[in-house]
Amino acid sequence: MWRSWRATLVVSALAVASPVEAQRTDARSVTDELKWRVERLGSVGYSRVGDEIVQSHALILAAYEQHGFQPLWTEAAAVQSLLRSIAEVREDGLDPEAYHLSALTSLAQEGVGPSEAAAVAELDLLRTSALVRVMHDLRFGKVEPQGPAGAQDSPWSLGSGSAVDSLTEVIWSGRIREAVASQRPQHSVYDGLMKALADLRRIRLVGGWGPVPDGPALQPDSVDVRVPALRRRLALSGDLGGPIEDRSLRLDSALVTAVRSFQHRHGLNEDGVVGKSTLDALNVSVDRRIDQVRVNLERARWVLRELPDTFVAVNVAGAKVYLVRGDSVAFEARAIVGTHFTQTPVFSAPMLYVDLNPTWTVPSGIVGEVLDLVRRDPGYLEGQGIRVVNSLGRAVDPSGIDFAHFTAESFPYVFRQAPGPANALGQIKLVFPNEHDVYLHDTPTRGLFAREERLFSHGCIRLEDPLGLAELVLGDGERWNRETLRAAIATGTTPTLALPTPVPVYVLYWTAMVGLDGELHFYSDVYDRDTGLLAGLDARTAAGTAGSLER
């Protein structure tokens, strides 16, 4: 393809040029060709090199301008290091072809004659583009982050003189592979996801895991012809140790333990029974699991570089909340998150205080639901301890309001629920002020935590063990622990307890993750966000404007 492109370029030039013009074309230097292409790249925003697209980047433009439009790639060792580095990003879940691997490899093998100034210039530009893009994408992610993201102030993202010096020093030193590797997040979670991706690809090479046939639920100690298929499936995923040649048809204790391990890693109730939800998870293809790991490697690139030592992480897809301190998880609990229609957003904000016996001001998005309930049951407000409050904060007698006259948009009052056993926020609220008006809180409907899929809120995050998390973030176990918090709640007062140090909260959406213990977990893509992110990840051109994939 590339040889034919160069031939077409030369033939076309000679066909349209007069003898004098042809001489001028031959006489153009590589420097002239680079200057023309770089200036055009800056004005148009992109340039084509054969079938490849070079996209404009401030660092590329500055590098050539500051070095007099001289070629940057003059050493064969640097070229080979670049090619190897690009090939290795497959281990990060990225597509090497997004960084021109085949084209660069083909051209490197064919060679470009020194008289082919245009081809030399374009090849040099293509190599620089590949290096800048691959380093950028490993550091920041290929797709523009939607939600929490690490610092975006790397010199590789700018066109400053120091960035140019760094870029050219990397190229001329030939230590490209080391420089590219340094852009990956240096974090055990990222390393674990890379390992998981490699393991899953090895499983795919041997044919993947076959499906476990459908049928009635497999109970512990039951006998079923599907058990050997189940045993092989759990052995391939690492949940079951020992030989998979065992042809026993009994769901024995070792297999039940393996089922529970699988359920634990997939956010399922750990009952050891292979029911519908467990069977569905078992039969997700290895290709789908590979895609999940790839998109979550991208999410990892967004956040893992700048994480503080202590933080709260909410995984919306898994409906779980964690408090991380250093290299360990100090707290883990189930959560309830937003429905498909009232999705919990992804963002980050510092947690500042804890409210005991909170009041609940009904958010604007829920006012319509309350109005409908009041119309159906005039005693609803009184039964729920909800007052109607005007703009001055004064209570209004609801008997004088024609609720049928108003919509959620035109309702001029506020619904406010007093503290108490029926309060939607329960007895405690952990607040990290944010534009979404989302917080962590208790709930009176605790039975929902037993569900495998916990999408029931209007966007806020209900917490199974709010007292446990509050004790840890308040940071004074003698003054504030479960017992003293319960005692303070029992007084019926509504104190606000300031955290001694703000604790960052990251509300994330990860459908595959590796715990700090190295264990791989998968969760359902409950908001159907993986598909769009995967498309951006697989785009051959830069996907930095792939849209609101995580909103």
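Odds and ends about this structure:
- The condition (being assigned by TED's automatic domain parsing to the domain that holds residue 128 and either within 31 Å of the chain's Cα centre (by Cα) or on the phi < 0 side of the Ramachandran plot (or both)) is satisfied by just one residue among 166, 222, 237: 166.
Conditions (1) under 29 Å from residue 417 (Cβ atoms); (2) assigned by TED's automatic domain parsing to the domain that holds residue 141; (3) surrounded by 15 or more Cβ atoms within 10 Å (Cβ to Cβ), marked per residue:
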| site | (1), (2), (3) |
| --- | --- |
| 463 | yes, no, yes |
| 472 | yes, no, yes |
| 481 | yes, no, yes |
| 500 | no, no, no |
| 503 | yes, no, yes |
| 516 | no, no, yes |
| 519 | no, no, no |
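- Only listed residue being surrounded by 11 or more Cβ atoms within 10 Å (Cβ to Cβ), more than 26 Å from residue 495 (Cα to Cα) and in contact (Cβ under 8 Å) with a residue 40 or more places away in the chain, chosen from 365, 426: 365
- Helices (runs of 4 or more DSSP H) within segment 52-125 that include 1 or more residues surrounded by fewer than 20 Cβ atoms within 10 Å (Cβ to Cβ), among the hydroxyl-bearing types (Ser, Thr, Tyr) and free of Cβ contacts under 8 Å to residues at least 24 places away in the same chain: 101-110
- Residue match in segment 48-55 (condition: closer than 30 Å to residue 296 by Cβ and modelled with pLDDT of 95 or more): no
- So residue 504, is it assigned to a strand (DSSP E or B), over 28 Å from the mean Cα position of the chain (by Cα) and either farther than 15 Å from residue 319 by Cβ or not hydrophobic (A, V, I, L, M, F, W, C) (or both): no
This table checks each residue for (1) under 20 Å from residue 336 (Cα atoms); (2) modelled with pLDDT under 95; (3) exposed (fewer than 14 other Cβ atoms within 10 Å of the Cβ).
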{"residue": "379", "(1), (2), (3)": "no, yes, yes"}
{"residue": "382", "(1), (2), (3)": "no, yes, yes"}
{"residue": "390", "(1), (2), (3)": "no, yes, yes"}
{"residue": "400", "(1), (2), (3)": "no, yes, yes"}
{"residue": "406", "(1), (2), (3)": "no, yes, no"}
{"residue": "415", "(1), (2), (3)": "no, no, no"}
{"residue": "430", "(1), (2), (3)": "yes, no, no"}
{"residue": "449", "(1), (2), (3)": "yes, no, no"}
{"residue": "454", "(1), (2), (3)": "yes, no, no"}
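- In segment 518-537, the residues that are in a helix (DSSP H, G or I), out of contact with any Asp or Glu (no Cβ under 6 Å at 6 or more places or on another chain) and touching a residue at least 12 places away in the same chain (Cβ under 8 Å): 530, 532, 533, 536
- Residue check, residue 27 assigned by TED's automatic domain parsing to the domain that holds residue 139 and modelled with pLDDT under 95: yes
- Of all residues in segment 217-224, none are at pLDDT 95 or above and within 25 Å of residue 514 (Cα to Cα).
- Screening residue 457 on (1) among the hydroxyl-bearing types (Ser, Thr, Tyr); (2) within 14 Å of residue 356 (Cα to Cα); (3) touching a residue at least 12 places away in the same chain (Cβ under 8 Å) shows it passes everything except condition (2).
- Picking from residues in segment 325-354 that are under 25 Å from residue 529 (Cα atoms) and aliphatic (A, V, I, L, M), the one that is surrounded by the most Cβ atoms within 10 Å (Cβ to Cβ) is 337.
- Test: residue in segment 91-103 that is within 23 Å of residue 31 (Cα to Cα) and either at pLDDT 90 or above or out of contact with any strand residue (DSSP E or B) (no Cβ under 9 Å at 6 or more places or on another chain) (or both): yes
- Of all residues in segment 223-239, those satisfying the criterion of being closer than 19 Å to residue 206 by Cβ and in a loop (DSSP other than H, G, I, E, B) are 237, 238, 239.
- Filtered by the rule that a residue be outside any helix (DSSP H, G or I) and buried (at least 20 other Cβ atoms within 10 Å of the Cβ), segment 240-263 gives 240, 251.
- Reported count of residues in segment 462-495, each being under 23 Å from residue 263 (Cα atoms) and not in a loop (DSSP other than H, G, I, E, B), is 2.
- Number of the condition not met by residue 247 [criteria: (1) in contact with a helix residue (DSSP H, G or I) (Cβ under 7 Å, 6 or more places away or on another chain); (2) at pLDDT 95 or above]: (2)
- Residue within segment 357-374 that is touching a Leu at 6+ places or on another chain (Cβ under 7 Å) and either not aliphatic (A, V, I, L, M) or not in a helix (DSSP H, G or I) (or both) present: yes
- Strands (runs of 3 or more DSSP E) fully within segment 309-349 counting 3 or more residues that are in contact with a helix residue (DSSP H, G or I) (Cβ under 7 Å, 6 or more places away or on another chain): 328-338
- None of 291, 287 is closer than 30 Å to residue 539 by Cβ, surrounded by fewer than 20 Cβ atoms within 10 Å (Cβ to Cβ) and within 28 Å of the chain's Cα centre (by Cα) except 287.
- Filter result (under 12 Å from residue 416 (Cβ atoms) and either among the aliphatic types (A, V, I, L, M) or touching a residue at least 40 places away in the same chain (Cβ under 8 Å) (or both)) within segment 390-399: 395, 396
- Residue among 379, 365, 383, 326 that is under 17 Å from residue 462 (Cβ atoms) and out of contact with any Lys or Arg (no Cβ under 9 Å at 6 or more places or on another chain): 365
Yes/no per residue for (1) outside any strand (DSSP E or B); (2) in contact (Cβ under 8 Å) with a residue 40 or more places away in the chain; (3) within 29 Å of residue 495 (Cβ to Cβ):
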site	(1), (2), (3)
381	yes, no, yes
388	no, no, yes
407	yes, no, no
410	yes, no, no
416	no, yes, yes
433	yes, yes, yes
437	yes, yes, yes
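- Neighbours by Cβ (under 9 Å, 6+ apart or cross-chain): first from segment 194-212, more than 29 Å from residue 276 (Cβ to Cβ); second outside any helix (DSSP H, G or I) and among the small types (Gly, Ala, Ser): 194/93; 195/518
The values are calculated or read from the model by the stated rules, or taken from the named source; none is laboratory data. Quantities reported herein were computed from a predicted structural model and do not represent experimental measurements. Note that we place each Cβ from the backbone using ideal geometry, even for glycine, and neighbour counts take in every protein chain shown.
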